[in-house]
Amino acid sequence: MIGPDGYRTSALGTQCSLVAYDDPPSSDAISVFLELIAQMDLAASRFREDSEINRVFNGQAHKRVAVSPLLFDALAAALYGAEMTSGYLDPTVAGSMAALGYRADFVKTLASGALGLDELRIVIPPGYRSVRLNKTNRTVTVAQGVTFDLGSTGKAFLADRIRETIELKLSEPVLVNLGGDISASRIGDGRFWPVKVTDDRGLDPSSVGITIAVFGGGVATSSTLHRAWKNGDKDLHHIVDPFSGLSADSMFDSVTVLAGSALDANIASSGTIAMGPKGPGWLASTGLPAFARNADSQRRYFGHFEQVIVERELS
């Protein structure tokens, strides 16, 4: 949750916003914001038949193909996330997610009542090591059966890319928020972005939460609360444990992390949930400031998170 003067839109299956520090964002910054969101959606959406990632990688055969610079960089970010989490944040889980019932844009599918199945199927993904990137030729080689879901790292990668592009082209400090993956310019002189951490998806400034000081870099919140559904009598959510093929069995339903980039913050927050019982210890080992909450609303702080809190309104 951020201030009320930013530009907001619905895209990528979530709420997205762009904020400038002193004034509303410029029209040029908004244009960059919208254009890069559109490019990423066309390049990497699992839910668009015409997306590059679906046209090029359909899981049918072993392939080595050249891809667009944006998709290549997004895949590289996803594989980096997998490496950093010992394979728990795996971009090849698309088949697992589909088997659990998550086959289309969540908001649209939930509205239609088509999410979930009567019989639970478990699919173990091929694994991120079945994907190879060649940076020189910008090619991607995949094993047979590989299909991608970049939903975990994709928005965080894009938030960083949008912020970096606006800084480079326009020299405009901005904060980009793509569904809880936040990338913020460093503005110096002790100034910070006040960011509210809340479970509210509508970006309502009055929602209950914690306001933290972000001096630049990234913030990410990963949660099992919103993209959640039932398959028969089993409660499921969108963060998959690739080693079981099921939704991760995490003690936390929400994890917020601060890091040097939105991508690194998301890797830590999503990875913590994906690791299930191993998550808290792994998160503590990173030393990153973080805040986690379980189903009973019990809170746990990691690193120096309490030092960045400027206001508490938790219920």
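The values are calculated or read from the model by the stated rules, or taken from the named source; none is laboratory data. None of these values were measured; they are calculated from a predicted model. Virtual Cβ from ideal backbone geometry, glycine too; neighbours counted across all protein chains shown.
The table that follows gives values for the structure above.
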| read-out | value |
| --- | --- |
| The stretch 280-315, subset outside any loop (DSSP other than H, G, I, E, B) and either among the aliphatic types (A, V, I, L, M) or under 17 Å from the mean Cα position of the chain (by Cα) (or both), residue farthest from Glu83 (Cα to Cα) | Val310 |
| Any pair with Cβ under 9 angstrom, 6 or more apart, that starts in the stretch 1-23 at a residue that is closer than 20 Å to Ser222 by Cα and ends at one that is at pLDDT below 90 and among the hydroxyl-bearing types (Ser, Thr, Tyr) | Met1/Thr198; Met1/Ser207 |
| Within the stretch 38-56, considering residues that are outside any helix (DSSP H, G or I) and exposed (fewer than 13 other Cβ atoms within 10 Å of the Cβ), the one modelled with the highest pLDDT | Asp50 |
| Matching option when the condition is outside any helix (DSSP H, G or I) and under 21 Å from Leu178 (Cβ atoms), among Thr256, Thr272 | Thr256 |
| Qualifying residue in the stretch 168-175 (condition: in contact with a Leu (Cβ under 7 Å, 6 or more places away or on another chain), closer than 29 Å to Arg293 by Cα and either surrounded by fewer than 16 Cβ atoms within 10 Å (Cβ to Cβ) or at pLDDT 95 or above (or both)) | yes |
| All positions within the stretch 259-269 that are part of a helix (DSSP H, G or I) and of a type in the set (Gly, Ala, Ser) | Ala262, Ala265, Ala268, Ser269 |
| Residue match in the stretch 57-76 (condition: in a loop (DSSP other than H, G, I, E, B), charged (D, E, K, R) and closer than 20 Å to Leu263 by Cα) | no |
| Checklist (1) crowded, with 19+ Cβ neighbours inside 10 Å; (2) modelled with pLDDT of 95 or more; (3) part of a strand (DSSP E or B) applied to Val195, failing item | (2) |
| Residues satisfying the stated conditions in the stretch 261-295, i.e. out of contact with any Asp or Glu (no Cβ under 9 Å at 6 or more places or on another chain), under 18 Å from Leu236 (Cα atoms) and not small (Gly, Ala, Ser) | Thr272 |
| Residues of the stretch 278-308 satisfying the condition of being surrounded by fewer than 16 Cβ atoms within 10 Å (Cβ to Cβ) and farther than 14 Å from Phe252 by Cβ | Ser285, Gly287, His304, Glu306, Gln307 |
| Selected residue [under 22 Å from Ala156 (Cβ atoms), buried (at least 19 other Cβ atoms within 10 Å of the Cβ) and modelled with pLDDT of 95 or more] from Ala248, Ala259, Ala213 | Ala259 |
| Subset tally (residues that are in a helix (DSSP H, G or I), crowded, with 16+ Cβ neighbours inside 10 Å and in contact (Cβ under 8 Å) with a residue 24 or more places away in the chain) for the stretch 24-33 | 3 |
